[in-house]
Amino acid sequence: AYLFSGVKNADEIIANKKKTSSLGISAPNKDTVVVKLNRPIAYFKVLMAYPLFGPQNEKVVKKYGKKYATKAQYQVYSGPFKIKGWNGTNDTWSFVKNNNYWDKKVVRLNKINYQVVKSNNTGYQMYQQGKLDLTPLSSEQVKNLKSNKDFTSYPYSLVRFLMYNFKSKNPTNNKALNNRNIRLALSLSIDRDIVTNKVLGNGSTLPTGFVANDLASDPKTGIDFAKQQKVKNTVDYNPTLAKKYWKKGMQEIGAKKLTFDLLSSNDESDSDQLTQYLQSQWTKELKGLKVNVTNVPDKSTTSRAQNGDFDIYLSHWGGDFNDPMTFMQIPMTGTSYNYGKWSNSSYDSLVRSAQNRDANNTSKRWQDLVNAAKIVNRDQAITPIYQQTTAYLQNKRVKGIIHNTAGTQWNYKYASVDNK
């Protein structure tokens, strides 16, 4: 819901202060949607390409009521394909060409079959048998299949990072996690080269800060935002400096030993390897630290994170649209995804300036965001570990797939299959 912020009355509706009928979005006729804003939104155009803002057909929504969108037949389709054979829970379905699509003449595929595969090994076997044309690979498979002619990789603006609990229920840990030197020590102890090349080995890349690379560029110079947000000695591997910060931080909080609980979701394919690496690396480099790992299903992880039931949370965020703001809303005071409850008035003020006062001044807005990102990175309020790249085997006969680095990943409008 936070993505609607800036649309007239949206914030008040989210806060239960106004009725949904007062939202500044209307359809004066069957071909027009009007959106009224209460402040300029610099990234408004790219936001409109996000599926959340796809206009709904009121007639269809009312016709199906509670059933709407629960199965393939309870939806209406305006894109190049329609969904067929999806009953809400099954593991196979299809996209079939939509003959009512306005640009149907350029759509070359008649059908795309989808199959949910529970393990990467099963996916690989099905690929070998010619039952799949595209399948993701695990880190282990990547090491063996890098030289395969069908090997390909798709980057995405998803950053894996650590969130610290700034309101920890454990008084000692609360002091520790609120100590910048301790957070810097934890970050500088991580060898991200080892993480990306050996622990994962799937082509994932090193982050410069908590905002993803290749997401947005400086409108004046074309320089990647990620380069501009970088703060020296924050995400580099520097065990000597880490030990120095650790010693200083432990003295400041008056502790000789610490035990942290590291929370992560075991539904994420890399969680086991990553948490094991962090546990062994931190206990090796930082004297007096013990790390307990809690790997639980995604639902439990989210519930624990929302309740502040963690010390350090191995989380992630993928960009919804191509603007730094998609990441920069997370650490703001009071944001629902700010599970660690970090709060910094200078950060909030800069992001608000970018959203309001400087929204129509391109260079000022950009500088507000760069300065704000530097606060998070300097403080290590969020510690980035890597930026995701997913490796796949893709049949050479499949051409023209568009993969976006933010928002909706896959676009098959121009895809085709060469059967020669």
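Each value in this text was obtained by applying a stated rule to the coordinates, not by laboratory testing. Here the structure is a predicted model, which is why all the values come from computation and not from measurement. As a convention, Cβ positions derive from the backbone with ideal geometry for all residues, glycine included, and neighbour counts pool all protein chains shown.
Worth a mention:
- 18 Å Cα-Cα reach of LYS36 towards aspartates and glutamates, excluding residues that sit fewer than 8 places from it in its own chain: ASP11, GLU12
- Column: log10 I(q)/I(0), Debye, Cα scatterers of the chain, q = 0.11 Å⁻¹: -1.00
- Relative contact order %, segment 225-339, counting alpha carbon pairs below 8 Å whose residues are six or more apart: 25 percent
- Across segment 7-18, coupling constants 3J(HN,Hα) worked out from phi with the 6.51/-1.76/1.60 Karplus curve, θ = phi - 60°, read 6, 3, 6, 4, 4, 5, 5, 4, 7, 6, 9, 9 Hz, and Gly and Pro carry x.
- Under the span-like rule (Cα at least 20 Å along the axis, Kyte-Doolittle mean at least -1.0), DSSP H helices of the chain: 362-379
- The phi torsions of segment 219-225, fed into the Karplus equation with coefficients 6.51, -1.76 and 1.60 and a -60° offset, translate into couplings of x, 8, 9, x, 6, 4, 3 Hz, rounded to whole numbers, with Gly and Pro shown as x.
- A cut-off of 5 Å between modelled amide H atoms, ignoring neighbours fewer than 5 places along the same chain, links TYR386 with ARG160.
- Over 30 Å (Cα to Cα) - which of LYS17/LYS67; LYS62/LYS399; LYS149/LYS198; LYS143/LYS243; LYS17/LYS220 fall in this group: LYS62/LYS399; LYS143/LYS243; LYS17/LYS220
- In the chain, the calculated helix contribution to ellipticity at 222 nm averages -8500 deg cm²/dmol per residue, counting -39,500 (n - 2.57) for every DSSP H run with n ≥ 4.
- Across segment 1-68, Cα pairs under 8 Å and at least six residues apart give a relative contact order of 23 percent.
- When ARG352, ARG183 are arranged by Cβ crowding within 10 Å, least crowded first, meaning fewest neighbours, the order is ARG352, ARG183.
- Amide hydrogen proximity for ALA216: with H placed 1.01 Å from N in the peptide plane, the residues at 5 or more positions away or on another chain lying under 5 Å are PHE225, ALA226.
- Whichever lysines have a C-alpha closer than 21 Å to that of LYS299, once near sequence neighbours (fewer than 8 apart) are set aside: LYS118, LYS341
- Scalar couplings 3J(HN,Hα) for segment 162-174, obtained by applying the Karplus form with A = 6.51, B = -1.76, C = 1.60 to θ = phi - 60°, are 9, 9, 9, 8, 7, 10, 4, 6, 8, x, 5, 5, 5 Hz; x denotes Gly and Pro.
- Nonlocal amide H pairs with ASP267, under 5 Å, H built at 1.01 Å: ASP298
- Selected from LEU47, LEU23, LEU186 as most flexible by GNM, with the chain as the system and alpha-carbon contacts under 10 Å: LEU23
- Annotation: aspartates and glutamates with alpha-carbon distance below 16 angstrom to LYS256 (same-chain offsets under eight excluded): GLU285.
- Mean separation of Cα pairs under 8 Å and 6 or more residues apart, divided by the residue count, gives the chain a relative contact order of 21 percent.
- Too-long pairs where the Cα-Cα distance tops 26 Å, listed order kept, from LYS45/LYS66; LYS248/LYS374; LYS244/LYS374; LYS131/LYS413: LYS45/LYS66
- Burial ranking of peptide ranges 265-271, 211-217 (average Cβ count within 10 Å, highest at the top): 211-217, 265-271
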